[in-house]
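Structure record follows, encoded as structure tokens.
The values are calculated or read from the model by the stated rules, or taken from the named source; none is laboratory data. Since this is a predicted model, take the numbers as computed values, not measurements. In this analysis, Cβ positions are derived from the backbone assuming ideal geometry, glycine residues included, and neighbour counts consider all displayed protein chains. These accessible areas exclude ligands, DNA and RNA; they are computed on the full protein's heavy atoms, side chains included. Shrake-Rupley method; radii C 1.70, N 1.55, O 1.52, S 1.80 Å.
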Amino acid sequence: ASQGVSSSQVRVVDLDVRPGVEADMGDRDQWPRVREQILVSDILVFATPTWVGHLSSVAQRVIERLDAEISQTDDEGRAILAGKVAVVVVTGNEDGAHAIIADVFQALNDVGFTIPSQGGVYWNGEAMHATDFKDLEETPAKVAMTAKTLAVNAAHLARALRDAPYPAP
């Protein structure tokens, strides 16, 4: 908000998003609603917990569903997601955040998103303990500073891409 960006939240885990790599898998698939929100947004904040050192299965499903966009283009032949910014947030009580962020960055870039400088932030609690990020009394200073940098850079890049879109191929 301090960067002039409004936001909304979608918890894909609460939706019936069917497996597959199509924009609409039919049979009450709720992905089309999520897809529409992504298409009208300038910035995607992709957040996932760490499960056994990897992104969650729900986060993986989002990547798989975004695969439907890889061949979609706008009227000028650009990837339909080109000009949109994506950042990644990871929390969990085990290692794996760097690998998760790297994998998700690559997947998001493959479908057209642009990743800003320092576009990933994570918090790892002590392994095998019950303290979750949401239960902390305050955000650790380094995590807060990284999150602020991520937000500033994402907003800046989104404005830059809006003002100077990628050229048509």
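Listed values, structure above:
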item: Candidates Val17, Val90, filtered to the one that is touching a helix residue (DSSP H, G or I) at 6+ places or on another chain (Cβ under 7 Å), assigned to a strand (DSSP E or B), open to solvent by less than 50 Å² (accessible area, probe 1.4 Å) and more than 22 Å from Arg159 (Cα to Cα); result: Val90
item: Any chance Glu69 is over 30 Å from His129 (Cβ atoms), without any contact (Cβ under 8 Å) to a residue 12 or more places away in the chain and either of a type outside the set (S, T, N, Q) or touching a Gly at 6+ places or on another chain (Cβ under 9 Å) (or both); result: no
item: Residue in the range 87-107 that is touching a Pro at 6+ places or on another chain (Cβ under 7 Å) and more than 29 Å from Arg162 (Cβ to Cβ) present; result: yes
item: Residue that is farthest from Ala155 (Cα to Cα) [pool: residues in the range 28-59 that are open to solvent by less than 40 Å² (accessible area, probe 1.4 Å), modelled with pLDDT of 95 or more and in a strand (DSSP E or B)]; result: Leu55
item: Filter pass, Val143 being under 18 Å from the mean Cα position of the chain (by Cα) and modelled with pLDDT of 95 or more; result: no
